[in-house]
Amino acid sequence: MEIELRSADGITIVGIRGNVDGLTADELMRTFSERVSEGSVRLVADCASLDYTSSAGLRSLLGAVKLARQHGGDLRLAAIQQQVLRVLDLSGFTSILKTYPDVQSAVGSFVEQA
Amino acid sequence: MTRSVDRHQRGVAVVIGSGSVKCAAALGLVNALNRAGIAIDMLVGCSAGCLYATMIAAGRSTAEAAEMTRMLWTSEIAAQHDRRAVFRAMFPRTLGFDARFGLRSDRLILQRLRTAFGDMRIEDTKIPLHLTATDFATGNQAVFSSGPAIDAIRASIAVPFLFSPWPIGDRLYLDGYMSDPLPVGVAIKEGAGVIVAMGFESPYQESISTAGRFAFQVSAILSNNLLKSQYSFHGLAHHAEIISIIPQFNQRIKLFATEKIPYIIEEGERAAEAQMPYLDRLLSAQAAGTAA
């Protein structure tokens with residue numbers, strides 16, 4: 001898994017490439033925690049290059065969402081590939097997380113809200 | 001009796017959910033695991049997934065299991081009406097009615113199960129095996145880890161209204177999907193650390209032209225929502241690593257479409273192959289004590 005950080009309109013975008021699983025989930029959770037502790041609580045996960053998430057990956061996403069929301073922000077998912085979307089849907093994530101077709105609209109959802 | 005997992009073995013638990021003939025995709029998963037040199041150290045089956053879990057646990061090859069399915073799982077098994085059941089449903093006060101209600105005769109499926117599995121016992125299979133059904137009186141999940149395989153399989157495929165609930169001991173059991181269509185919780189409870197779960201959503205009807213289709217549609221809605229809620233609970237509440245394998249079928253697979261078994265196996269293998277590099281790394285990391 002590779003993580004790439006960037007920002008747009010004051011929103012932190014976390015690009016995730018590869019698999020989020022038992023070997024990489026801790027690193028992803030750490031990345032989100034560090035952003036939140038720095039005060040970046042409005043987060044977008046760019047999932048365009050995310051190939052797969054196992055249960056460990058789901059747990060780290062859930063942890064990140066809870067953390068961001070506890071601090072008054074949110075984690076929103078963008079550009080989710082079909083195979084990842086199936087796992088998110090099966091796990092009920094699509095009912096508790098906001099998802100967007102692309103990063104621009106995810107970032108825009110925060111801007112509209114502000 | 002429960003057989004424990006050998007934690008020194010480089011293996012995974014495989015859970016095969018309900019899904020009628022689509023469960024044959026599990027044979028593709030087995031092919032992929034074999035090629036990757038990854039052993040199966042536990043099998044859990046639900047509904048038609050029980051058939052494959054049992055065949056794999058008993059050491060049948062993919063080709064043998066596919067052939068057995070072609071003999072077992074044909075539309076004839078659900079073709080014979082149980083006329084007495086229909087009359088009992090219409091005139092319950094006159095003819096009597098009880099919990100052993102099913103609109104189809106189970107004579108043929110029982111005969112075929114006997115031919116396929118004989119007197120095989122769950123506790124004697126090469127790989128530890130757990131088959132699930134649903135207690136008719138309480139709705140609780142029942143897990144069979146010993147006893148005659150035929151009884152547990154027949155209980156687990158007791159599709160409501162179609163086949164009558166099946167008695168084991170002093171209790172009646174319904175299809176396993178009624179309590180959990182993809183019972184990863186059983187593997188977690190039995191101590192599995194890495195679980196490969198192959199599940200299938202029930203297909204929705206294209207048109208509701210009969211009462212039977214109406215019943216299947218209602219059942220599909222309930223079971224798909226149950227699948228999601230149970231899967232999310234187990235995935236998030238426990239620390240076992242669950243790797244979901246969800247084959248994608250571009251062709252519509254009907255309940256008894258055994259002619260599509262080669263295609264189903266192929267799609268199961270394709271979906272499983274994508275996860276083999278990760279499984280390999282995960283098991284190596286676990287052996288080295290570096291996994292999360």
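Of the residues B:43, B:27, B:222, the one that moves most in a GNM of chain B with alpha-carbon contacts below 10 Å is B:222. For the peptide A:59-66, the mean number of other protein chain Cβ atoms found within 10 angstrom of a residue's Cβ is 2. Need the C-alpha centroid separation for segment A:19-61 versus segment B:177-249, integer Å. When both Cα centres are located, 25 Å separates them. Per-residue shielding of A:46-54, expressed as the average number of other chain Cβ atoms within 10 Å of the residue Cβ, stands at 2. In terms of other Cβ atoms within 10 Å, B:126, B:22, B:260 run from fewest to most in the order B:126, B:260, B:22.
Counted over chain B, the DSSP beta bridges are approximately 35% antiparallel. Evaluated at q = 0.16, 0.21, 0.25 Å⁻¹, the base-10 log of the normalised Debye intensity for segment B:203-292, with identical point scatterers placed on the Cα atoms, takes the values -0.92, -1.15, -1.22. Per residue of B:272-280, other chain Cβ atoms within 10 Å of the residue Cβ number 2 on average.
Relative to the longest principal Cα axis of chain A, at what angle does helix A:25-37 sit, 0 to 90 degrees, rounded to 10? Compared with the principal axis, the helix lies near 10 degrees.
Local charge sum around residue B:172 (other residues, Cβ-Cβ under 14 Å, Lys/Arg +1, Asp/Glu -1)? Here the charged neighbours net out to -3.
Listed by Cβ neighbour count within 10 Å, with the fewest neighbours leading, A:24, B:94 appear as B:94, A:24.
Taken over the C-alpha atoms, chain B has Rg and Dmax values of 18.8, 69 angstrom. Relative contact order, whole percent, for chain B stands at 26, derived from Cα pairs under 8 Å and 6 or more residues apart. The antiparallel fraction among DSSP beta bridges confined to segment A:2-103 stands at about 30%. Partner lysines whose Cα lies under 16 Å from the Cα of residue A:98, excluding those fewer than 8 positions away in the same chain, are identified as A:66.
In µm²/s, what is D for segment B:59-145 at 10 °C and 1.306 mPa s, where D = kT/(6 pi eta Rh) by Stokes-Einstein and Rh is the Kirkwood radius from Cα pairs? Here the translational diffusion coefficient equals 100 µm²/s.
Treating only the Cα positions of the protein assembly as shown as identical point scatterers, give the base-10 log of I(q)/I(0) from the Debye formula at each q in 0.13 Å⁻¹. For the protein assembly as shown, the Cα-only Debye profile gives -1.06. Taking a ≥ b ≥ c as the square roots of the eigenvalues of the alpha carbon gyration tensor, segment A:2-103 is rounded, as a/c is under 1.5.
So if each residue of separation counts as 0.36 nm, and I subtract the Cα-Cα distance between residue A:98 and residue A:69, what length gain in nm does that give? Fully extending the segment from residue A:98 to residue A:69 adds 9.2 nm.
Across segment B:106-193, the convex hull enclosing all Cα atoms gives 98 Å³ per residue.
Cross-link reach is defined here as a Cα-Cα straight distance under 27 Å, omitting same-chain residues fewer than 8 places apart; for residue B:22 the lysines meeting it are B:126, B:189, B:228, B:254, B:260. Each principal axis of segment B:1-137 carries a Cα extent, and these read 62, 30, 25 Å when sorted largest first. Distance between the 7 Å Cα→Cβ label points at residue B:137 and residue B:214: 3.2 nm. Contact order, relative form, for chain A: 26 percent (alpha carbon pairs under 8 Å, 6 or more residues apart, mean separation divided by residue count).
Among B:130, B:81, B:238, the order by Cβ neighbours within 10 angstrom, fewest to most, reads B:81, B:238, B:130. Here segment B:136-235 yields Rg over Rh of 0.99, to two decimals, using C-alpha coordinates and the Kirkwood radius. GNM on chain B, alpha-carbon springs under 10 angstrom: the most fluctuating residue among B:230, B:141, B:248 is B:248.
Each reported figure results from applying straightforward, stated rules to the coordinates on display, with no laboratory input. Keep in mind that this is a model prediction, so the values were computed, not measured. So basically every Cβ, Gly included, is an ideal-geometry build from the backbone, and we count neighbours across all protein chains shown.
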